[in-house]
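Asks: I have a structure I would like to understand better, so I am pasting it below and will then ask my questions one at a time.
The values are calculated or read from the model by the stated rules, or taken from the named source; none is laboratory data. No experiment lies behind these values; they were computed from the predicted model shown. Heads up, the Cβs are rebuilt from the backbone with ideal geometry, glycines too, and the neighbour counts pull from every protein chain shown.
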Amino acid sequence: MEFREPYEQLAIPALTFVKDLQFPDPTRIRIYDTTLRDGEQTPGVAFTPEQKYELAVALSDIGVHMIDLGFPAVSREEQEGLQRLLEGKRKGQLRNDFELIVMCRANAGDIDKTLEAIAEVGGSPKDVTFFIFTAGSDLHVKYKLGKTLLRRAGKDESEWLDLPVSWYRAENQQMFVEAIQYAKSKGVQTIEAGNAEDGSRAHIDYILEMGRACLEAGGTRLSFPDTVGVFTPQAAAYYFSQLCATFPGVDQVIHFHNDFDLGTINTITAMSVGANIPTVTVNGVGERAGNAPMHSVVGALYYLYGIEIPNFKYDRMLALSRLVQELTGLPVQPHEPIVGSNVYAHESGIHTAGLSIDRRMYQVIDPAFFGGEMTFVYGKHTGTAAVEYAFNKYADELKREGIKVDDQLVRQVTNEVKRLREERQRSNRSREIIDRYYEDQARLGISERELIELTRALAAVPAAE
């Protein structure tokens, strides 16, 4: 129905409370997808080269600006994946402005192997963005990279624990700067400087110091990850306020994990103080609890903060989600925001009565905006309004069959629906469905027991001469 008063007067919009935030201009926002790399690190998930290409095409089509391909230096398969995507761009199957990002540790070996893979298919270093990274937190700098930094400096490993953190910080920075300079000397034009792995547990003064050094060395943008998912929105505001103020105009990549279900709000908080490149994965897949989900980030930005990503095709979101579910074998929960199978479905009689007046009574999101549609589920909480909706929808079909719809039939059908739903609940099928789900999930990967059995089988095979 048409309201007599403006909708914004009847229902206070979310935008009322966010007008003072400092989001970057939408034209500077670039969606950075890492489903092919971080997403594939989900336990039990593995993409074939063909699946990676199919997914890359879908990401290009929906309007994602850049994708992380992984580490070409570590395997021939990763190199072939990069080469295939370079050829796809050449053939026009991927957008010309679709940025391909490769990861390299801060050493010449990783950079050289990646450059060789690019050259094999007639590519140029300028065709690819090099994401060169190192550790940011003292925990990682000393205790993960420590022995590498000692060897690099010609020191004995026996000094590992005794040397102060300050020594490791300085060596780490020098190693990182030299790697960036080396890549630049080899013709790489775009370098994403990941100067802060485990950045959310790093000291901000070191992060800023590293940022200055890598930009002076030739880095073109900065990348900050909450590697272990421990940031709060308050911490995101604190760190990125300083990063954006210290490096005005510099692109800031943000990468949040979802260990406490804060990936989306941390991403939006960082953007609200100026960060402009959010890292996401389709369906939020990724290590542990996954990454900030693409659907939640772009959906919240649009509906709650009034930010529309230029040329992003929101109506393909559900189709992209379904593709990744099929490729990973990981279904999203039915009530997953935006893309869940039940988020545009309604059963409650009170809700369906309101929805029959106007969708916005109980459904703020327009399902069609993301490629979905509103449906009714009939069960224990069904009211007569939902049944009448179905009768109206199939009115012609019922009329042809000689079925007369009246109030008595509506009540009869409503009561029978409730009875049938309770009967199905007694059958205990829910437990069977859940048991089957977890059994199937366990079969996606190789269990420890399977690994031992595989070991026995291989050990029994005589070694080849």
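Asks: Hey, can you tell me all the residues within segment 113-124 that are in contact (Cβ under 8 Å) with a residue 60 or more places away in the chain and either surrounded by fewer than 20 Cβ atoms within 10 Å (Cβ to Cβ) or under 30 Å from PRO164 (Cβ atoms) (or both)?
Replies: Across segment 113-124, the qualifying residue is only SER124.
Asks: If VAL64 satisfies every condition in (1) touching a residue at least 24 places away in the same chain (Cβ under 8 Å); (2) surrounded by 21 or more Cβ atoms within 10 Å (Cβ to Cβ); (3) over 26 Å from ARG322 (Cα atoms) but one, which is the exception?
Replies: (3)
Asks: Is there a residue being under 39 Å from the mean Cα position of the chain (by Cα), acidic (Asp, Glu) and farther than 30 Å from GLU308 by Cα anywhere in segment 406-416?
Replies: no
Asks: Another question, if that's okay. Taking segment 54-78, which residues are at pLDDT below 95 and out of contact with any Ser or Thr (no Cβ under 7 Å at 6 or more places or on another chain)?
Replies: LEU69, GLY70, PHE71, VAL74, SER75, ARG76, GLU77, GLU78, listed by residue number.
Asks: Here is a check on your reading of the model: is ASP162 modelled with pLDDT of 95 or more, surrounded by fewer than 21 Cβ atoms within 10 Å (Cβ to Cβ) and out of contact with any Cys (no Cβ under 8 Å at 6 or more places or on another chain)?
Replies: Yes: the conditions hold for ASP162.
Asks: So, restricting to helices (runs of 4 or more DSSP H) that lie completely within segment 1-91, which ones have at least 1 residues that are closer than 28 Å to LEU304 by Cα and aromatic (Phe, Trp, Tyr)?
Replies: On the way: elements: 7-10, 49-62, 76-90.
Answer list for segment 1-91: 7-10.
Asks: Do you know which of the residues in segment 165-199 that are farther than 19 Å from PRO125 by Cα and touching a Gly at 6+ places or on another chain (Cβ under 8 Å) is surrounded by the most Cβ atoms within 10 Å (Cβ to Cβ)?
Replies: ASN195
Asks: Need the failing condition index for PHE3 against (1) outside the structural domain of VAL298 (by TED's automatic domain parsing); (2) surrounded by fewer than 12 Cβ atoms within 10 Å (Cβ to Cβ); (3) not polar (S, T, N, Q), just the number.
Replies: (2)
Asks: Can you name every residue in segment 187-230 that is within 16 Å of PHE131 (Cα to Cα), within 26 Å of the chain's Cα centre (by Cα) and of a type in the set (Gly, Ala, Ser)?
Replies: Hits for segment 187-230 are ALA193, GLY194, ALA196, GLY199, GLY211, GLY219, SER223.
Asks: Residues GLY299, GLY218: which one is under 27 Å from SER341 (Cβ atoms), of a type in the set (Gly, Ala, Ser) and buried (at least 17 other Cβ atoms within 10 Å of the Cβ)? Show your work before the answer.
Replies: Values: GLY218 fails: under 27 Å from SER341 (Cβ atoms).
Answer to the selection: GLY299.
Asks: Given (1) loosely packed, with under 15 Cβ neighbours inside 10 Å; (2) in contact (Cβ under 8 Å) with a residue 40 or more places away in the chain, where does MET103 come up short, assuming only one miss?
Replies: Result: MET103 fails condition (1) only.
Asks: On to the next question. So VAL128 ticks every box in (1) loosely packed, with under 15 Cβ neighbours inside 10 Å; (2) touching a helix residue (DSSP H, G or I) at 6+ places or on another chain (Cβ under 8 Å) but one. Which box is left unticked?
Replies: (1)
Asks: Follow-up question, since we're still on this one. Output yes when any residue across segment 5-23 is touching a residue at least 12 places away in the same chain (Cβ under 8 Å) and more than 24 Å from ILE365 (Cβ to Cβ), and no when none is. I'd like the intermediate steps shown before the answer.
Replies: Narrowing segment 5-23 to residues touching a residue at least 12 places away in the same chain (Cβ under 8 Å): 7, 11, 14-15, 18, 21-23.
After this cut, where a residue has to be more than 24 Å from ILE365 (Cβ to Cβ) as well, the list is 22.
Within segment 5-23, one or more residues are touching a residue at least 12 places away in the same chain (Cβ under 8 Å) and more than 24 Å from ILE365 (Cβ to Cβ).
Asks: Quick one: which residue in ASP156, ASP138, ASP97, ASP127 is among the acidic types (Asp, Glu), farther than 27 Å from ARG76 by Cβ and either in contact (Cβ under 8 Å) with a residue 40 or more places away in the chain or not assigned by TED's automatic domain parsing to the domain that holds ALA170 (or both)?
Replies: Values: ASP156 fails: either in contact (Cβ under 8 Å) with a residue 40 or more places away in the chain or not assigned by TED's automatic domain parsing to the domain that holds ALA170 (or both); ASP97 fails: either in contact (Cβ under 8 Å) with a residue 40 or more places away in the chain or not assigned by TED's automatic domain parsing to the domain that holds ALA170 (or both); ASP127 fails: farther than 27 Å from ARG76 by Cβ.
Every option except ASP138 fails the conditions.
Asks: Could you please let me know if PHE260 is closer than 23 Å to GLU287 by Cβ, surrounded by fewer than 22 Cβ atoms within 10 Å (Cβ to Cβ) and among the aromatic types (Phe, Trp, Tyr)?
Replies: Yes: the conditions hold for PHE260.
Asks: Let me ask you something else. Looking at PRO278, is it in the same structural domain as LYS19 (by TED's automatic domain parsing) and surrounded by fewer than 24 Cβ atoms within 10 Å (Cβ to Cβ)?
Replies: The answer is no for PRO278.
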